[in-house]
Amino acid sequence: MVKQQERVNYSILEKVKFPEDIRKLNIAELNTLAQEIRGLIINTVASSGGHLASSLGTVELTLALHFVFSTPQDKVIWDVGHQSYAHKIITGRKDKFATLRKKDGISGFPRREESIYDVFNVGHSGTSISAAAGFAQAQCLKGDRDKIIAVIGDGSMTTGMAFEALNWTGDCKKDIIIVLNDNEMSISPNVGALSSYLNRVMTGHTVTRLKTDIKSFLKSIPGIGDQMVKLSQQIEESLKTFVVPGAFFEELGFTYVGPLEGHRLDYLIRNFENIKELKGPVLVHVITKKGKGYKFAEEKPLNYHGISPFNVETGQKLASSSGIPTYTEIFGKTLVELARNDSRIVAITAAMCEGTGLDQFRQELPDRLYDVGIAEQHGVTFAAGLAIEGFIPVVAIYSTFLQRAYDQILHDVCLQKLPVVFAIDRAGLVGEDGATHQGLFDYSYLRSIPNIIVMAPKDENELQHMLKTAVSCGCPVSLRYPRGKGTGARLDSELKALEIGKGEVLREGSDLAVVAIGSTVYPALAAAEKLCAEGLNVKVINARFIKPIDRDLLLNVTATIKKIITVEENVLQGGFGSAVLELLAEKGISGVQVKRLGIPDEFVDHATQKQLRHIYGIDEEGIIRAIKQMLVKGSGIQ
């Protein structure tokens, strides 16, 4: 166990830079190295934030894989990447590890641009087996014999994509090793039949009772009882294979090995050396403990899955500078209030109950909260079925993960005009998690779908009114809001439904109009107020709705104001600014100059939200700069 108050001595880690260095170590040195890596991970994440518990649980597994296999020629593909910090440390990035998730620093996820040891970019669950199958097939086509290893957690194994990949891989008989990292938890506790099946390995009464009975019997043998107990411990793994879910994977065509103790390097190395010689698809079942080596993370792994900076000695998050609630908290509180008064409202989460603010809903209305696991496609179509039967499902999900269910939104919800509400959290720039998690596409991929309403609040007070609007309107609705604290807006005690498709004028002006949406509204308003002191008169509009856009309001504005700036925290392609341009083109409006502020045609790297908003010019300073450029120089449509 890493002790917080002690300075960590990295005596072995100092000698390790790449995997070939660890292959020179003995078991005792490897065990010491594992503890030193944990110390480095804990202290770094305490400063930078990140995915702590998952990475602490896979230190020995990581060392064993790189010790036995000839990486990077042999390829290790991590699923999601939450558990890859030890991998980064021993693959040439130890000296850069302090820059984890910081601007211009190393990513929190495996990334091919960063290292040849990162063979596949990841960030979403369930991709590793499919990718590994592609690598294995390529090996056959090229005549290579490198080993292909996919490491996937038990939570990710519940995704539909993982089942599809298992089905194909087991049937095609290619050489591939799948390591199932079983810690009985993804982000929230796992759900589903497969998860329950796997969890019985360590906790099932059959295994526990059988072990206890055998040990008691052996101890009772006069003279040799203790020696027999020691022998029984050596055959314990063989005993388990009679009662654990190996048959499930073997029926799919895999050679099943396990379950193996995931924190015993000697066991892992010995087994992987044997597995390395096997042919065809192999599944290795490894049991690990999430948060291993840091007592606070072991006791409450959920709290330390993705954590902001914290005090290493106490495990407490560093105090926030304000008591302003997050958008997520306001959403959760408001949904409970609405659901108390309407029994038709149900909530759906995809293994992110706490992350989406539904923990209070689960406590108060547990029979109306459904966690479908890491299965966004299933969750959306499940919601469609509930909606047809008269319920109002609210699907709370992160913007980046809703992308996985695009066809279900289009085909199963919107085509049938069903009253499903998509409460899209972490929309826009999310910061340090980087390109795989930025929620920058939902305006674009949703507003092209018929029948759906797409809206975004300027603050947390408007959020609660929009949620009231969403559950009352009787059609598909997307409600998106950003990660983090609200604006500090006063919350109205009475919830009111907004008029669909109507924006609001927040500030009058005649020189130029800024039409903003969501998180960009207050920066636009602040920019206009600051420029007023310089004699510039800027009108500010809170659009509220991306679809349907407030056509009357915008057409009235363009009748008198010929310079328009749109601002959004979304990609420009197909986003809110595009909707404004489409309206002007449709109506044949000429002589109006439009400048769009948003995210250009690129993936956004990791940095803080504040840094990213500044880089892309959608903060107060960027909006002021755009207004001045347009008023002084003039510009055409952009």
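None of the figures in this text is laboratory data; all of them are computed from the coordinates on show. Here the structure is a predicted model, which means the values were calculated and not measured. For neighbour counting, all protein chains shown are included, and Cβ atoms are generated from backbone atoms with ideal geometry for every residue, glycine included.
A few comments on the model shown:
- Residue 448 long-range amide H proximity, modeled H, under 5 Å: none
- Annotation for the range 548-596 versus the range 274-339: alpha-carbon center distance of 42 Å.
- Three semi-axes of the equivalent ellipsoid, the chain, Cα gyration tensor, whole Å, largest first: 49, 27, 23
- Principal semi-axes of the equivalent ellipsoid, √(5λ) from the alpha carbon gyration tensor of the range 327-480, are 20, 18, 15 Å from largest down.
- Across 458/485; 147/290; 458/496; 88/610, pairs whose alpha-carbon gap is larger than 22 Å: 147/290; 88/610
- Distances between placed amide hydrogens fall under 5 Å for residue 398 paired with 425, all partners being 5 or more residues away or on another chain.
- Neighbour counting of Cβ atoms within 10 Å sorts the residues 272, 422, 310, 603, fewest neighbours leading, into 603, 310, 272, 422.
- Ranked list, fewest to most other Cβ atoms within 10 Å of each Cβ, for 171, 619, 104, 605: 104, 171, 605, 619
- As a proxy for reagent exposure, ranking 455, 157, 630 by other Cβ atoms within 10 Å from fewest up yields 630, 455, 157.
- Antiparallel bridges, percent of DSSP beta bridges restricted to the chain (to nearest 5): 15
- Each 10 Å bin from zero holds the following percent of Cα-Cα pairs in the range 75-124: 29, 62, 9.
- 10 °C / 1.306 mPa s Stokes-Einstein diffusion coefficient of the range 251-333, Kirkwood radius on C-alpha pairs, µm²/s: 95
- For the range 505-632, the C-alpha radius of gyration divided by 2.2 N^0.38 Å, with N the number of residues, is 0.99.
- Between 0 and 90°, nearest 10: helix 551-560 axis offset from the chain longest Cα axis: 50
- Annotation: amide H-H contacts under 5 Å for residue 293 (H modelled 1.01 Å from N, sequence separation of 5 or more, or interchain): none.
- Both radii come from the Cα set of the range 413-521: Rg as radius of gyration, Rh as Kirkwood radius; their ratio Rg/Rh reads 0.98.
- Around the Cα centre of the range 327-480, unit charges on the Cβ atoms of Lys, Arg, Asp and Glu (plus for the first two, minus for the last two) sum to a dipole of about 440 debye.
- Check: the chain dipole with +1 on Lys, Arg Cβ and -1 on Asp, Glu Cβ, in debye: 740
- Over the residues of the chain, the helix contribution to mean residue ellipticity at 222 nm works out to -11000 deg cm²/dmol, using -39500 (n - 2.57) for each DSSP H run of at least 4.
- Per-residue 3J(HN,Hα) values for the range 333-348, derived from phi via the Karplus relation 6.51 cos²θ - 1.76 cosθ + 1.60 with θ = phi - 60°, read 5, 5, 5, 4, 4, 5, 6, 4, 9, 8, 5, 7, 7, 10, 10, 10 Hz in sequence order (x marks Gly and Pro).
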